[in-house]
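Visitor: Got a structure for you, questions after.
The values are calculated or read from the model by the stated rules, or taken from the named source; none is laboratory data. Just so it is clear, the model here is predicted, and its values are computed rather than measured. So basically every Cβ, Gly included, is an ideal-geometry build from the backbone, and we count neighbours across all protein chains shown. SASA here: full protein model, heavy atoms, side chains in, ligands and nucleic acids out. Shrake-Rupley method; radii C 1.70, N 1.55, O 1.52, S 1.80 Å.
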Amino acid sequence: MQAYLWVKTFHLVFVIAFMAAAFYLPRILVNIAEAGAEPTVRDRLVLMGRRLYRFGHVMSGLALVLGLVLWLGYRMFAGFPTMVGSGTGWLHAKLLLVVLLMVHFVIAGRWLKGAGAGRAVPSSRALRWFNELPVLGLIVVVWLVLAKPF
């Protein structure tokens with residue numbers, strides 16, 4: 001049981017770190033859109049975005065590995081609780097939302113890469129709306145994990 005709690009703790013820490021990157025990367029894109037033709041500001045923001053994007057990928061990878069251990073750990077460790085079986089429909093819904101959050105993050109990364117290559121990014125207004133999507137996704141994920149409604 002102690003191993004389960006440690007794995008769950010680190011899984012949550014890495015998820016939080018990934019979500020921080022997912023929240024802030026679109027904000028960097030907003031700043032790039034508003035920087036206009038100022039090349040020094042734009043270049044610095046693109047550099048910051050690239051570093052954040054890389055950080056987010058590492059954190060999501062670690063969260064994924066530990067999430068798989070949480071999901072299937074009962075096969076590897078004696079006494080490890082399981083989330084496999086009946087009554088885990090909430091887990092499938094959560095995993096779908098996690099995939100959508102990753103897609104959102106990758107789209108932001110593609111826009112960042114395009115900005116680094118000199119291509120235009122969407123308007124700052126559109127990016128501000130895009131920036132709110134992970135918040136809504138996270139709220140639903142947290143509710144699913146806590147309520148386990150189905």
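Visitor: Give segment 125-137 a look and list any residue that's of a type in the set (A, V, I, L, M, F, W, C) and open to solvent by 100 Å² or more (accessible area, probe 1.4 Å), or say none.
Guide: Those that are of a type in the set (A, V, I, L, M, F, W, C) and open to solvent by 100 Å² or more (accessible area, probe 1.4 Å): Trp129, Leu136.
Visitor: Could you list all residues from segment 85-107 that are out of contact with any Gly (no Cβ under 9 Å at 6 or more places or on another chain), in contact (Cβ under 8 Å) with a residue 12 or more places away in the chain, assigned to a helix (DSSP H, G or I) and not hydrophobic (A, V, I, L, M, F, W, C)?
Guide: Residues satisfying the conditions are Gly89, Lys94.
Visitor: Exactly one condition in (1) under 20 Å from Leu47 (Cα atoms); (2) within 14 Å of the chain's Cα centre (by Cα); (3) not small (Gly, Ala, Ser) is false for Val140; which is it?
Guide: Checking Val140 against (1) under 20 Å from Leu47 (Cα atoms); (2) within 14 Å of the chain's Cα centre (by Cα); (3) not small (Gly, Ala, Ser), the one that fails is (1).
Visitor: Could you go through segment 72-84 and let me know if any residue there is among the aromatic types (Phe, Trp, Tyr), under 30 Å from Ala37 (Cα atoms) and touching a residue at least 60 places away in the same chain (Cβ under 8 Å).
Guide: No, because not a single residue in segment 72-84 is among the aromatic types (Phe, Trp, Tyr), under 30 Å from Ala37 (Cα atoms) and touching a residue at least 60 places away in the same chain (Cβ under 8 Å).
Visitor: Residue check: is Ala93 open to solvent by 80 Å² or more (accessible area, probe 1.4 Å) and of a type in the set (Gly, Ala, Ser)?
Guide: Judged against the criteria, Ala93 is not a match.
Visitor: Answer yes or no as to whether Leu5 is loosely packed, with under 14 Cβ neighbours inside 10 Å, part of a helix (DSSP H, G or I) and out of contact with any helix residue (DSSP H, G or I) (no Cβ under 9 Å at 6 or more places or on another chain).
Guide: For Leu5, the condition - loosely packed, with under 14 Cβ neighbours inside 10 Å, part of a helix (DSSP H, G or I) and out of contact with any helix residue (DSSP H, G or I) (no Cβ under 9 Å at 6 or more places or on another chain) - is met.
Rundown of residues vs (1) on the phi < 0 side of the Ramachandran plot; (2) open to solvent by less than 40 Å² (accessible area, probe 1.4 Å); (3) of a type outside the set (S, T, N, Q), yes/no style:
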{"residue": "Phe14", "(1), (2), (3)": "yes, no, yes"}
{"residue": "Phe18", "(1), (2), (3)": "yes, yes, yes"}
{"residue": "Ile28", "(1), (2), (3)": "yes, yes, yes"}
{"residue": "Pro39", "(1), (2), (3)": "yes, no, yes"}
{"residue": "Met48", "(1), (2), (3)": "yes, no, yes"}
{"residue": "Arg51", "(1), (2), (3)": "yes, no, yes"}
{"residue": "Ser60", "(1), (2), (3)": "yes, yes, no"}
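Visitor: Quick check, is Val140 more than 16 Å from Tyr53 (Cα to Cα) and surrounded by fewer than 16 Cβ atoms within 10 Å (Cβ to Cβ)?
Guide: Against the criterion (more than 16 Å from Tyr53 (Cα to Cα) and surrounded by fewer than 16 Cβ atoms within 10 Å (Cβ to Cβ)), Val140 qualifies.
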